[in-house]
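Engineer: Got a structure for you, written out below as structure tokens; questions coming shortly.
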Amino acid sequence: MHIYVTGAATTKFGELWSASPRGLARQAVFGALKDAGLEAKRVQALFVGNMLSGMLGGQEHLGAFFAEELGLTVPAFKIEGACASGGLAVHNAVNSLLSGQYETVVVLGIEKMTDHKPEDVATALMGAGSEDERLAGATFPGLYAMIARAHMQQFGTTEEDMAAVAVKNHYHATLNPNAQFHAEITVEAVMKSSKIADPLKLLDCSPISDGAAAIVLSTKRSPHSVEVAASVVATDTLGLAQRKSLTQLAATKQAAQKAYTLAGILPEDVDASEVHDCFTIAEILAAEDLGFFAKGNAAAAIRKGKTTLGTSTGVVLNPSGGLKGCGHPVGATGVKQIAELVEQLRGNAGKRQVHDARVGLAHNVGGSGATAVIHILKT
């Protein structure tokens, strides 16, 4: 059985003070249905990816909440897996289609974060960490800073290398009308920005964002559909202390290897990849763990422009701007990644179009790598 994305839509990402979760959901879902040329009554199930609605908004029953708002009298589910919630929602939706339970479903990824105090958001996000890490007062910038230090010590990665990731992704974001940031930055600006958790600085970190994205998945092919060639999830320990290595995310490697096999491709066949750059070091790890570069080689390659639109020599990383430039409303990110790749593979991405894109890979991570979701899309 084949699974296809037949419609996709993304709202603007950013500090959307005047937007409500209800409004964001309507915009994304009805946009995706319009893109698919599908009436809402044809939808058979709704999958909602979200992390923080209970902790920050006091509402956990999002399946029914958004089904009611959207006028859908269908089975509806909330899927949570930290910052991989969107990707997990897509994975569960794909499996529901493969089971024969449904023929056409909608996946909504959504998060409203900026209405809350930054310290409350940081505390809620650490719900994705281990108990030991929380008791030690760790935050995710601190955890990824430890990963960055390990990578620097083992492979000679520099702070300037990490800054180059931010520069690239902000450049890509200037080409994306839905991105949170539309100003280019320099390595010097990143280096001079405030330290958050040494060696990570403010401009090494993805922002707090609002936004939503939705896709329509179906077993029925349409003229503009894109095939989901693989949907794979892998898990690792919650805490960093229990892992064998801090310079790789084992869950990413495991999920990617299985996804490549299922899709019948190799890493070098991927034309565009939306990777989970919650911090700049995370993109460097992803580029290596996904097999795009040998371990220790990704930082230099990214800095030399080998993954940048217009100068790439292989895969283009984060043409949307990634989490860093486009924004990171955590529950929406995994669905947005797929919506972006659908645009790329259709050839409809405008100024950020990857030339002759035929294969796309979405990489969505929960926590510091405890969950990794890989989707491979093909034309």
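Engineer: Which of the helices (runs of 4 or more DSSP H) found entirely inside segment 194-307 contain at least 2 residues meeting this: modelled with pLDDT of 95 or more and charged (D, E, K, R)?
Structural biologist: On the way: elements: 250-263, 280-289, 298-303.
So the answer is 250-263, 280-289.
Engineer: Assess whether GLU60 counts as being out of contact with any strand residue (DSSP E or B) (no Cβ under 6 Å at 6 or more places or on another chain), of a type in the set (Asp, Glu) and without any contact (Cβ under 8 Å) to a residue 60 or more places away in the chain.
Structural biologist: Working: out of contact with any strand residue (DSSP E or B) (no Cβ under 6 Å at 6 or more places or on another chain): yes; of a type in the set (Asp, Glu): yes; without any contact (Cβ under 8 Å) to a residue 60 or more places away in the chain: yes.
Yes; evaluated as a whole, the condition is true for this residue.
Engineer: For ALA124, indicate whether it is out of contact with any Phe, Trp or Tyr (no Cβ under 9 Å at 6 or more places or on another chain) and crowded, with 17+ Cβ neighbours inside 10 Å. Let's see the steps before the verdict.
Structural biologist: Values: out of contact with any Phe, Trp or Tyr (no Cβ under 9 Å at 6 or more places or on another chain): yes; crowded, with 17+ Cβ neighbours inside 10 Å: yes.
Here the answer is yes, as ALA124 does meet what is asked.
Engineer: State all residues of segment 310-340 that are outside any helix (DSSP H, G or I) and either under 30 Å from VAL121 (Cβ atoms) or touching a helix residue (DSSP H, G or I) at 6+ places or on another chain (Cβ under 6 Å) (or both); if no residue qualifies, say none.
Structural biologist: To start, the set of residues in segment 310-340 that are outside any helix (DSSP H, G or I) comprises 310-321, 327-329.
Scanning segment 310-340 gives LEU317, ASN318, PRO319, SER320, GLY321, GLY327, HIS328, PRO329.
Engineer: Which residues, taken from segment 165-193, are β-branched (Val, Ile, Thr) and outside any helix (DSSP H, G or I)?
Structural biologist: From segment 165-193, those β-branched (Val, Ile, Thr) are 165, 167, 174, 185-187, 190; that's our starting set.
Residues satisfying the conditions are THR174, ILE185, THR186.
Engineer: List the pairs whose first member sits in segment 1-24 and is closer than 17 Å to LEU62 by Cβ and surrounded by 22 or more Cβ atoms within 10 Å (Cβ to Cβ), whose second member is small (Gly, Ala, Ser) and at pLDDT 95 or above, and whose Cβ atoms are under 6 Å apart, counting only residues at least 6 apart or on separate chains?
Structural biologist: Close Cβ pairs satisfying both conditions: THR11/ALA28; THR11/GLY211; THR11/ALA212; LEU24/ALA212.
Engineer: For the subset of segment 173-182 comprising residues that are out of contact with any strand residue (DSSP E or B) (no Cβ under 6 Å at 6 or more places or on another chain) and within 17 Å of LEU323 (Cβ to Cβ), which member is surrounded by the fewest Cβ atoms within 10 Å (Cβ to Cβ)?
Structural biologist: Filtering segment 173-182 down to residues out of contact with any strand residue (DSSP E or B) (no Cβ under 6 Å at 6 or more places or on another chain) leaves 173-177, 179, 181-182.
This time we only want the ones that are within 17 Å of LEU323 (Cβ to Cβ), so: 173-176, 179, 181-182.
On the way: ALA173: 28, THR174: 16, LEU175: 18, ASN176: 25, ALA179: 25, PHE181: 19, HIS182: 14.
Within segment 173-182, the match that is surrounded by the fewest Cβ atoms within 10 Å (Cβ to Cβ) is HIS182.
Engineer: Any chance you could count how many residues in segment 103-122 are touching a residue at least 60 places away in the same chain (Cβ under 8 Å) and in a helix (DSSP H, G or I)?
Structural biologist: 3
Engineer: Does GLY100 satisfy the criteria of being part of a helix (DSSP H, G or I) and among the small types (Gly, Ala, Ser)? It would help to see each step written out before you state the result.
Structural biologist: Values: part of a helix (DSSP H, G or I): no; among the small types (Gly, Ala, Ser): yes.
Spelling it out, it is not the case that GLY100 is part of a helix (DSSP H, G or I) and among the small types (Gly, Ala, Ser).
Engineer: Of the numbered conditions (1) at pLDDT 95 or above; (2) not in a helix (DSSP H, G or I), GLY137 satisfies every one except a single condition; which is it?
Structural biologist: (1)
Engineer: Go through segment 158-172 and give me each residue that's buried (at least 24 other Cβ atoms within 10 Å of the Cβ) and over 24 Å from the mean Cα position of the chain (by Cα).
Structural biologist: Within segment 158-172, no residue meets the criteria.
Engineer: Which ones in segment 266-298 are over 12 Å from ALA166 (Cα atoms) and of a type in the set (A, V, I, L, M, F, W, C)? If you could, list the steps in order and put the result at the bottom.
Structural biologist: At the first step, the residues of segment 266-298 found to be over 12 Å from ALA166 (Cα atoms) are 266-276, 285-298.
Listed by number, the residues that qualify are LEU266, VAL270, ALA272, VAL275, LEU285, ALA286, ALA287, LEU290, PHE292, PHE293, ALA294, ALA298.
The values are calculated or read from the model by the stated rules, or taken from the named source; none is laboratory data. What you see is a predicted model; the values in this text were computed from it and never measured. Methodologically, a virtual Cβ is constructed for each residue, glycine included, from the backbone with ideal geometry; neighbour enumeration extends over all protein chains shown.
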